[in-house]
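Everything below concerns the one structure shown next.
The values are calculated or read from the model by the stated rules, or taken from the named source; none is laboratory data. The model shown is predicted, which means the values in this text are computed figures rather than measured ones. Positions of Cβ are backbone-derived with ideal geometry, glycine not excepted, and every protein chain shown enters the neighbour counts. Ligands, DNA and RNA are excluded from the accessible area calculation, which covers all protein heavy atoms including side chains. Shrake-Rupley method; radii C 1.70, N 1.55, O 1.52, S 1.80 Å.
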Amino acid sequence: MANSPAPAAVEREKLYQWVQNLLSPEHREEALVELSKKREQVPDLAPLLWHSFGTISALLQEIIAIYPLITPPQLTATQSNSVCNALALLQCVASHPDTRSYFLQANIPLFLYPFLHTTSKQRQFEYLRLTSLGVVGALVKPDDKEVIQFLLNTEIIPLLLRIMEHGSELSKTVATFILQKILLDDHGLSYICYTFERFKSVTSVLQSMVDSLQREPSGRLLKHVVRCYLRLSENPRAKEALNRNLMPNQLKDGTIIQMVKADDNSTRRWIQMLQRNLSNAPKTAPQF
């Protein structure tokens, strides 16, 4: 009697079949669902997707197909779920060290920007924006200078600022995290502080967020906002402008501490470092 295939081999064959099914419009939706479920369990799924013939093109087809439904907003929940499954697989590719650079070289993040442009408050659009932000968040997470340089050459910062100002709490949190990662890169900080207009556009949104956080507190969001201010204070021209009149009163006088959770020691430490940075500003600091 012939031996039955090992369970692992059977699962692997299923995986290959789902990847192949992405090329078939009739089977693509089921394949997207199944592969999305497996993306945390299969370490080499990203290289498999990238190097399989036609797979990335099929995922991009799924994304491009809903562009006409964005304006005016006609996207259904089912269509949004399907595209978000495709985006989840692209996030898998974006986060893997063996495929991240290929992902950038192919300019794939640009296919997501129309979703970040959307402003509809409908749940399916919010889900679409959040999942698209997740792809960009996966790109910036490992502190890769190539990623930051790529993003700075695109319109990502205005898109992030719009979401930080008008998005849901979760979208605001992810967008602010991405901005924080851009600022933590030396080139990203220099880019944002290169002109007063760029710097002011960022601090105006951050100020608005501090004000809204007083009304609707969010520890996660506050942490990223404070870290952005701390990083800005490390640029001499930005520090001078913050000291002059662009620092929220809640951060100046320390009342923002009341919004920090008791066990959030890192945010408390960042606030203290920010206040120390600003108090140590030289009298003849460079200006914009």
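A few notes on this one:
- Selection among Ser57, Tyr67, His27 by position relative to the dipole of region 18-106 gives Tyr67 as farthest towards the positive end (Cβ unit charges, Cα centre).
- Cross-link reach is defined here as a Cα-Cα straight distance under 22 Å, omitting same-chain residues fewer than 8 places apart; for Lys14 the lysines meeting it are Lys37, Lys38.
- Entry for semi-axes √(5λ) of the Cα gyration tensor in Å (calculated from the structure that is shown) out of (i) 33, 20, 18; (ii) 41, 19, 18; (iii) 38, 25, 18: (ii)
- For the chain, complete DSSP H runs whose alpha carbons reach 27 Å or more along their own long axis and whose mean Kyte-Doolittle score is -1.0 or higher are 196-215.
- Count, lysine Cα pairs under 16 Å in region 64-209, 8 or more residues apart or across chains: 4
- Qualifying trypsin sites (Lys or Arg not before Pro) in region 61-168, DSSP loop, other Cβ atoms within 10 Å at most 14: Lys121
- On region 26-123, 54 percent of the accessible area sits on carbon and sulfur atoms, based on a 1.4 Å probe.
- Gyration tensor (alpha-carbon) shape descriptor, region 33-181, a/c threshold 1.5: oblate
- Using Cβ point charges alone (K and R +1, D and E -1), the dipole size of the chain about the Cα centre works out to roughly 1120 debye.
- Relative contact order (%) - region 126-240, alpha-carbon pairs under 8 angstrom, separation at least six: 27 percent
- Heavy-atom accessible surface of region 176-288: percent carbon and sulfur, 1.4 Å: 47 percent
- Surface accessible to a 1.4 Å probe, per residue, for the residues of the chain, Å²: 50 Å²
- Label point 7 Å beyond Cα of Arg244 along Cβ direction - residues of region 163-200 with amide nitrogen under 15 Å: 193-200
- In loop segments of region 88-186 as defined by DSSP, the GluC sites (Glu not before Pro) with at most 16 further C-beta atoms inside 10 Å of their C-beta are Glu155.
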